[in-house]
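Novice: Okay, here's the structure, questions in a sec.
The values are calculated or read from the model by the stated rules, or taken from the named source; none is laboratory data. Here the structure is a predicted model, which is why all the values come from computation and not from measurement. Using ideal geometry, Cβ is built from the backbone for each residue, glycine included, and neighbour counts are taken over all protein chains shown. What goes into the accessible areas is simple: the full protein's heavy atoms, side chains included, and nothing from ligands, DNA or RNA. Shrake-Rupley method; radii C 1.70, N 1.55, O 1.52, S 1.80 Å.
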Amino acid sequence: MSHWRLDWPTSGGARVAHAQLKAAPADFFVDEVLELAGALTAPESTEVTGSGEHLCLRLEKVGDNTEFVARELSRLANCRSFDVGFCGLKDRHAVTRQWFSLYRPGREAEDADLIQDVSACWPVVSAFRDARKLRRGDHRGNRFVITLRNVSGDRQAIEDALHRLASLGAPNYFGPQRFGRDGANLDRALHIDPSALNRRSRSGGKGRGGKKRAGSEGAKNVLYFSAARSWLFNEVLAARVQDGTWAEPSATGPLWGDGGTTASGLLETRERDIVAQTPGLADLFSVTRMKPERRPLASRPEDLVWRWQGDDCLELSFFLSPGQYATTILNDIFELEDMSLGRHNEQQG
């Protein structure tokens, strides 16, 4: 397939304004909300509360992605990379507060020294000990404070769209960055061997003799496969946006897997018809042992409030559940220009 759709229909038919996003990291603030008892009671200080084998640290970072921070924490704590846990990936071009866990049984006396070492790299906002390692999706969600600059468009149309967003939400698309430049990840998905994913799953990512496979080919294949799955979901969602059924209560769409979709009746027929229009991607799932799942069609921000800071500057704050993306809901209203991608921002990369 030579051309991939990477811009899908909006809920209002057309975006009502243009705006600049991430003109500076402080314009995109993310605070991860963790509802473990220790996180809820931990003071905003380097004092460690609670007990357990895992030291949980809430860090504030700018310009570093999650996986880089996890590797550095592993080095500072002198532990295996597997012993560092986190709930989700966070944007590097932002100010983010995020939780990490470090497996340090019986080393409570060393916590203060480690926190001091970590603080030399990133501010430690709070800390506690817990019995569990943090894993993907363990957080309740993320709170955002986002400032859009050079906003151009009719003020009343923007206000109306924001009120609609607060009540209905926005289509829960996967963002175009998942698909690579011009859909390159989808092109590569067409050329992977799906059965290799099964072998990787059975062996735990290890080759013969228990050694890790050389290179990152397996991880890349998973990335391309995930891109294919996400793109098919977006195509189904786009059809529901066009017919106005995307915002129905509890409406979900397919994350394709072995057997395709768990839907039945007319909905199953429709989803299969849409996926069948891209047979190259559909065929990937015919031999891959991945369980079909469902994903909400709507992304609904909680506690959405906004205020104008002058004629062309708009600040928005809201909360999103895991797996929902701030840029996706903003993109339903605004034609966004991501300033972090420009040359003027390279020094922050």
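Novice: Need pairs with beta-carbon distance below 8 Å; first residue modelled with pLDDT of 95 or more and polar (S, T, N, Q) and within region 158-177, second outside any loop (DSSP other than H, G, I, E, B) and open to solvent by 40 Å² or more (accessible area, probe 1.4 Å); sequence gap 6+ or separate chains.
Specialist: If the second residue must be outside any loop (DSSP other than H, G, I, E, B) and open to solvent by 40 Å² or more (accessible area, probe 1.4 Å), the pairs left are ASN172/PRO296.
Novice: Just checking, how many residues over region 304-337 are outside any strand (DSSP E or B) and of a type in the set (D, E, K, R)?
Specialist: Step one: list which residues in region 304-337 are outside any strand (DSSP E or B), which gives 309-313, 321-333.
With the extra rule that they be of a type in the set (D, E, K, R), the set shrinks to 311-312, 332.
Residues in region 304-337 being outside any strand (DSSP E or B) and of a type in the set (D, E, K, R): 3 in total.
Conditions tested, residue by residue: (1) loosely packed, with under 13 Cβ neighbours inside 10 Å; (2) modelled with pLDDT under 90; (3) closer than 18 Å to GLY323 by Cβ.
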| position | (1), (2), (3) |
| --- | --- |
| HIS191 | yes, yes, no |
| ALA196 | no, yes, no |
| ARG200 | no, yes, no |
| GLY204 | yes, yes, no |
| GLY209 | yes, yes, no |
| LYS212 | yes, yes, no |
| GLY244 | yes, no, no |
| ALA251 | no, no, yes |
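Novice: To continue, here is another question. So if I check each of ARG307, ARG295, which one is among the basic types (Lys, Arg), in contact with a helix residue (DSSP H, G or I) (Cβ under 7 Å, 6 or more places away or on another chain) and within 30 Å of GLU35 (Cβ to Cβ)?
Specialist: Numbers: ARG307 fails: in contact with a helix residue (DSSP H, G or I) (Cβ under 7 Å, 6 or more places away or on another chain).
Selected residue: ARG295, the only one of ARG307, ARG295 that is among the basic types (Lys, Arg), in contact with a helix residue (DSSP H, G or I) (Cβ under 7 Å, 6 or more places away or on another chain) and within 30 Å of GLU35 (Cβ to Cβ).
Novice: Right, here's the next one. Run GLU72 past the list (1) in contact with a Phe, Trp or Tyr (Cβ under 7 Å, 6 or more places away or on another chain); (2) open to solvent by 30 Å² or more (accessible area, probe 1.4 Å); (3) within 19 Å of GLU32 (Cβ to Cβ) and report the number of the one that doesn't hold.
Specialist: Single failed check for GLU72: (1).
Novice: Inside region 69-81, can you point out the residues that are in contact (Cβ under 8 Å) with a residue 12 or more places away in the chain and out of contact with any helix residue (DSSP H, G or I) (no Cβ under 8 Å at 6 or more places or on another chain)?
Specialist: VAL69, GLU72, CYS79 - these are the residues of region 69-81 that are in contact (Cβ under 8 Å) with a residue 12 or more places away in the chain and out of contact with any helix residue (DSSP H, G or I) (no Cβ under 8 Å at 6 or more places or on another chain).
Novice: Give ASP182, ASP117, ASP113, ASP130 a once-over and let me know the one that is free of Cβ contacts under 8 Å to residues at least 24 places away in the same chain and farther than 29 Å from VAL305 by Cβ. Break it down stepwise before answering.
Specialist: Details: ASP182 fails: free of Cβ contacts under 8 Å to residues at least 24 places away in the same chain; ASP117 fails: free of Cβ contacts under 8 Å to residues at least 24 places away in the same chain; ASP130 fails: free of Cβ contacts under 8 Å to residues at least 24 places away in the same chain.
It is ASP113.
Novice: Looking at ASP312, ASP258, which one is among the acidic types (Asp, Glu) and at pLDDT 95 or above?
Specialist: Numbers: ASP258 fails: at pLDDT 95 or above.
Of ASP312, ASP258, the one residue that is among the acidic types (Asp, Glu) and at pLDDT 95 or above is ASP312.
Novice: Oh, and also: Confirm whether GLU60 is surrounded by fewer than 18 Cβ atoms within 10 Å (Cβ to Cβ) and either assigned to a strand (DSSP E or B) or basic (Lys, Arg) (or both).
Specialist: Numbers: surrounded by fewer than 18 Cβ atoms within 10 Å (Cβ to Cβ): yes; either assigned to a strand (DSSP E or B) or basic (Lys, Arg) (or both): yes.
It is true that GLU60 is surrounded by fewer than 18 Cβ atoms within 10 Å (Cβ to Cβ) and either assigned to a strand (DSSP E or B) or basic (Lys, Arg) (or both).
Novice: Among (1) more than 22 Å from PRO322 (Cα to Cα); (2) open to solvent by 20 Å² or more (accessible area, probe 1.4 Å); (3) aliphatic (A, V, I, L, M), there is one condition LEU89 misses while meeting the rest; what is its number?
Specialist: (1)
Novice: In region 112-136, how many are more than 20 Å from LYS61 (Cα to Cα) and open to solvent by less than 50 Å² (accessible area, probe 1.4 Å)?
Specialist: Looking only at that region, the number is 3.
Novice: Quick one: which of LEU186, LEU102, LEU89, LEU165 is touching an Asp or Glu at 6+ places or on another chain (Cβ under 8 Å), at negative phi and part of a helix (DSSP H, G or I)? Working first, answer last.
Specialist: On the way: LEU186 fails: touching an Asp or Glu at 6+ places or on another chain (Cβ under 8 Å); LEU102 fails: part of a helix (DSSP H, G or I); LEU89 fails: part of a helix (DSSP H, G or I).
Matching residue, one of LEU186, LEU102, LEU89, LEU165: LEU165.
Novice: With over 30 Å from ALA17 (Cβ atoms), buried (at least 18 other Cβ atoms within 10 Å of the Cβ) and in contact (Cβ under 8 Å) with a residue 60 or more places away in the chain as the only criterion, which of LEU320, LEU237, LEU330, LEU281 stands out?
Specialist: Values: LEU320 fails: over 30 Å from ALA17 (Cβ atoms); LEU237 fails: over 30 Å from ALA17 (Cβ atoms); LEU330 fails: over 30 Å from ALA17 (Cβ atoms).
Only one candidate passes the filter, namely LEU281.
Novice: Residues of region 137-160 being within 24 Å of the chain's Cα centre (by Cα) and open to solvent by less than 80 Å² (accessible area, probe 1.4 Å), which ones? Let's see the steps before the verdict.
Specialist: Within region 137-160, the first condition is being within 24 Å of the chain's Cα centre (by Cα), and the residues that meet it are 137-149.
Those that are within 24 Å of the chain's Cα centre (by Cα) and open to solvent by less than 80 Å² (accessible area, probe 1.4 Å): GLY137, ASP138, HIS139, GLY141, ASN142, PHE144, VAL145, ILE146, THR147, LEU148.
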